[in-house]
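Following: one structure in structure tokens, then a few remarks.
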Amino acid sequence: MSNSPLGTGAALLSARRPFLIGIDLGGTKIAGALLSGAGEVLAEARTPTPAGADAIVTAVVGLAQSLRATIRADHAAADVDAIGIGSAGVVDIATGAILDATEAIPGWRGTALAERVTAATGRPVRVINDVHAHALGEQRALDIPSAHSTLLVAVGTGIGGSFLVGGVPLLGAHSVGGHIGHVPTPAAAGIRCSCGALGHAEGSGSGTGITANYVAAGGEALDGPAIVARASAGEQRARDAVERSARTVGELVGGLVNTLDPHNVILSGGVPDIGALWWDGFERAARAELLPRTRGVDLLLGRSAAAACRGAASLWDERLWAELLAQVDTPPHRPLS
Ligand SMILES: [Zn+2]
């Protein structure tokens, strides 16, 4: 664990809770941050995501307790007030349980995450999908006015999204809102998605998609970074695999911008971080899809490494939380018979 300087773009998280923990729980790593109620990052920690739901819960609790130990060392009488978690999967925010999860985290479905972390730490816990948490954090980090609508597209191991209206993520009727990796996309045709379908954007556009594209073109099953290294060295098949990912995400984002007409579009995650090798093809493909009045939209690269942790902690902003709960209280939240 390393202490970090005060974060930039700090925005008030909670006036009533001086110390919060925000946790970003993904398929490959779990990151945590200790934040002040004013939004300053006081300490950060991370650990690889272990296999199995029990081991993941144990790792989350361990991370939270290590961050709590930091605060006790610096502020003798202080303790963490509350914990916010952004988790991969479909989250029931009313209970903090995982309703559904893909094979990115085997066994995660059905985990009573908030209940179990509260039992182990004695602290209240709120949970939301990790990409919604990421969008909440980026909006704060980039100082985007909450009146502006924001589409965040996270492209890493998978592809996720979040659409914020008035600073509040759209959860949808079944808490599935934002799962934009599962939009059929022309450039992904013929590639199998993590959900089992053919031709969804995640299958070709994500980090694992870069591998799928490379294999589909006759290459070896190398991981994304190894293929990017080959592409940078000039190997044409590797360049094509990266280009296909870029084109897939570009088509996806272009279509979504036409649908939602957001004020801001933020791309984040390991794949956009590849740089010009990916971004140029992405932006070309996205802009090729845009309707005339949306053509001036800014395509921004996310900036805050701690964004998802900050966004998870922001669940303790009571106004935000009330608006989120109001969405899941609205029928139909259950399958129609
Ligand atoms: Zn899919």
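Please list the radius of gyration and Dmax for the stretch 33-89, considering alpha-carbon atoms only, with Å as the unit.
Here Rg and the maximum Cα pair distance are 12.4, 37 Å.
What is the spin-label model distance, in nm, from Q65 to S232 if the labels are put 7 Å beyond Cα along the C-beta direction?
3.9 nm
Two decimals is fine: what's Rg over Rh for the stretch 242-314, C-alpha atoms, Kirkwood radius as Rh?
That ratio equals 1.00.
With +1 on the Cβ of every Lys and Arg and -1 on the Cβ of every Asp and Glu, and nothing else charged, how large is the dipole of the chain about its Cα centre, in debye rounded to the nearest 20?
Using Cβ point charges on Lys, Arg, Asp and Glu, the chain gives about 20 debye.
How much mean residue ellipticity at 222 nm does the chain get from its helices, if each DSSP H run of length 4 or more adds -39500 (n - 2.57) and you divide by all residues, to the nearest 500 deg cm²/dmol?
That comes out to -11500 deg cm²/dmol.
Expressed as a whole percentage, what fraction of the accessible surface of the chain belongs to carbon and sulfur atoms when a 1.4 Å probe is rolled over the protein heavy atoms?
In the chain, the share of accessible area belonging to carbon and sulfur is 55 percent.
Quote the FRET efficiency, to the nearest 0.05, computed for N258 versus A112 with a Förster distance R0 of 45 Å and r equal to the Cβ-Cβ distance.
Once rounded, the FRET efficiency stands at 0.70.
Loop only per DSSP, at most 15 neighbouring Cβ atoms within 10 Å: give me the trypsin sites (Lys or Arg not before Pro) in the stretch 281-326, ordered by residue number.
Those satisfying the criteria are R295, R303.
Quick one: among V257, V297, V265, which has the greatest mean-square fluctuation in a GNM of the chain with alpha-carbon springs under 10 angstrom?
In this elastic network of the chain, the residue with the biggest mean-square fluctuation among V257, V297, V265 is V297.
Which value, in Å³ per residue, describes the convex hull spanned by the Cα atoms of the chain?
136 Å³
Given 0.36 nm per residue, what is the gain on full extension from E323 to L291 after removing their alpha carbon distance, in nm?
Additional length available on full extension: 8.4 nm.
Once you put a point 7 Å from the Cα of A217 and another 7 Å from the Cα of D143, both along the Cβ direction, what distance in nm separates them?
The modelled label-to-label distance comes out at 4.1 nm.
Expressed in nm², what is the orientationally averaged projection area of the convex hull enclosing the Cα positions of the stretch 19-135?
6.6 nm²
Considering all alpha-carbon pairs of the stretch 146-301, what whole percent are spaced by more than 24 angstrom?
So the pairs more than 24 Å apart make up 29 percent of the total in the stretch 146-301.
Quick check for you: with a 1.4 Å probe and neighbouring chains kept, what is the accessible area per residue of the chain, in Å²?
42 Å²
The values are calculated or read from the model by the stated rules, or taken from the named source; none is laboratory data. None of the values given here were measured: they were computed from a predicted structure. When we count neighbours, we look across all protein chains shown, and the Cβ atoms used for this are built from the backbone with ideal geometry, even at glycine. Just the protein is used for accessible areas: all its heavy atoms, side chains included, with ligands, DNA and RNA removed. Shrake-Rupley method; radii C 1.70, N 1.55, O 1.52, S 1.80 Å.
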